[in-house]
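See structure below.
The values are calculated or read from the model by the stated rules, or taken from the named source; none is laboratory data. What you are looking at is a predicted structure, and each value in this text was computed from that prediction instead of being measured. Cβ: placed from backbone, ideal geometry, glycine included. Neighbour counts: every protein chain shown.
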Amino acid sequence: MEPTSKTPEEIRRARGLGIAFIVFALAILVLFMPGTNARLSTFVFQSDSGELPLPAWTFSASTFVYITAAISAFLGAWQLAKGFKNAEAVLGLVVGLFVLAFLAWAARDKSMNLTGMLKQSLLGGVPILLAALSGLMCERSGVVNIGIEGMMLTGAFFAALFGSVSGSVWVGLITAVLSGALMGALLAVLAIRYRVDQIVAGTAINILATGLTSYFSSAYLQHNEALNTPPTFQPIPLPLLSKLPVLGPVLFNQTLLVYLALILVVVIHGMLFYTRWGLRSRAVGEHPRAADTLGVNVFKMRYVNTILGGAIAGLGGAYLILSSVGRFDELMTAGRGFIGLAAMIFGKWMPFGALGASLIFGFANSLQVSLAILAVPIPSQFLLMAPYLVTMIALAGVVGRATAPAADGVPYTKE
C-alpha cells in the first residue's frame, strides 16, 4: 500500500519547520559564539537533599556552542530533504539545544546549578499546571473558564485564613478546594443556567474575587498576623528515589501538593480518554446536540466538569499558600490563571501537553533568577517574553494547529 501523499499545507509546514531549525542554528552562532573563545563553562548538579553525588561538568563554551549549532543545522537540512515523522518533537529538541547553548554562554567562566534550576522550574510550573488543568476540565465540556485567576485567588485566601485559624494544613487545603468549587458552581450557573456570555461571566468572577480578597486582606489579615500565618506542607522524600542524581531532588523530594498535581495529570488523562465519563465530557464539548440525542445529560456534564475545574483552581491557590510562600498577599496569583489558559492552549487541550507547557513557563521564571545571580547583562523582562513568544508561534500553527473543542463557549439550549 502506497503512503498517502501530503497536502500542500503539510508540505509548507514541513518546509517551514526545516527553515526554522536552520534559523535556530544560525541564531546560536550569532548570539552565543561571541565572547566564548578559550572560556570554560561549568554545570553543577547539587542540592541540599542528600542525593547521590554527581561530578560537575566543565567544558569549552565555544565548542559546545558549535556542536549545538551543527546538530540544529543538520536536523534542519534533514527536515528539508526527507522530513521527520514527528517534526514537532524535533522542534522541541532544537529549542532545547538553543537553550543549552544559551546556558553555556551565560555560564562562561562561571558555574550554574542545573539541579536547582530544574527544581525551581517545577515549583514555578505547578500553579500554572493546576490552572491549565482547571481550564481543560471546563473547556473539554464546552465551558470557557476565564475566571481561573479569581478561583485561584479565592482558594489562596481561604487556605491562608482557615489554615491559620485552625492551625491545620488539611483544613486550609479543604476550604481552598471547596471555595474554588463554589466559584466554579457560580460560573456554571451563569454560563449554563442563565446562558450569560462566558467571557463576561469569568471576568465578573475575577473582579469579584479580587475585590473581596483585597478588602478582607487589608481589613483583617494585614492587621492580625494570627490570621495570616498558616502551617505549610513539608517536603516528603520518597525512599530510594529521592537519592537519585538530579531527578531525586527535582521530582522525588517535593511536598504533597506537587505530587498531587503530577498525579492529577495522569488521572485526568485517564478519565478523559479511557472512561465513559470522559467520553461523555468530550462529546458535550464537541457536539452537545448529538450527545443529547444519545441520552447524555449535557447540562449535568457541564455542571460537574465546571465545578471540578473550579476545585482544581482552588487547589492551585492552596499550593501558593500551603506549599510555597506561607502567607496571603493581595493579587498574589499574579496572572497565573491567565498563563494557565495559555499553557492549556499551547498543550492543545491535553493534560500532558499542559504539563509540558507549564514547565516551559516555570523554566522561564527559574532562568530569570539564575541569570540574575550570574549577573548576565540581559534585562530580565526579555527572558519573561520567551514563553509567550513560543506560545504565539504554536498558536500560529508552526507546531500544528491548536483547535479548541467545537462547542467550546457555545451555550446549549435543549429543544
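Tabulated data for the structure shown
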item: Residue in region 78-87 that is modelled with the lowest pLDDT, counting only those that are part of a helix (DSSP H, G or I) and surrounded by 14 or more Cβ atoms within 10 Å (Cβ to Cβ); result: 87
item: Residue among 321, 312, 307 that is touching a Phe, Trp or Tyr at 6+ places or on another chain (Cβ under 8 Å), under 30 Å from residue 171 (Cα atoms), in contact (Cβ under 8 Å) with a residue 12 or more places away in the chain and outside any loop (DSSP other than H, G, I, E, B); result: 321
item: Matching option when the condition is modelled with pLDDT under 95 and either acidic (Asp, Glu) or in contact with a helix residue (DSSP H, G or I) (Cβ under 7 Å, 6 or more places away or on another chain) (or both), among 245, 239, 235, 249; result: 249
item: Residue count, region 33-56 (criterion: modelled with pLDDT of 85 or more and farther than 18 Å from residue 117 by Cβ); result: 4
item: Candidates 189, 169, 196, 165 - the one that is under 20 Å from residue 316 (Cα atoms) and of a type in the set (A, V, I, L, M, F, W, C); result: 169
item: Residue 154 among the hydroxyl-bearing types (Ser, Thr, Tyr) and over 14 Å from residue 183 (Cβ atoms); result: no
item: Among the residues listed as 112, 117, the single one being crowded, with 17+ Cβ neighbours inside 10 Å and outside any helix (DSSP H, G or I); result: 112
item: Residues within region 327-359 that are farther than 14 Å from residue 130 by Cα and buried (at least 23 other Cβ atoms within 10 Å of the Cβ), tallied; result: 2
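Yes/no per residue for (1) hydrophobic (A, V, I, L, M, F, W, C); (2) more than 14 Å from residue 27 (Cα to Cα); (3) at pLDDT 85 or above:
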position	(1), (2), (3)
71	yes, no, yes
97	yes, no, yes
106	yes, yes, yes
110	no, yes, yes
117	yes, yes, yes
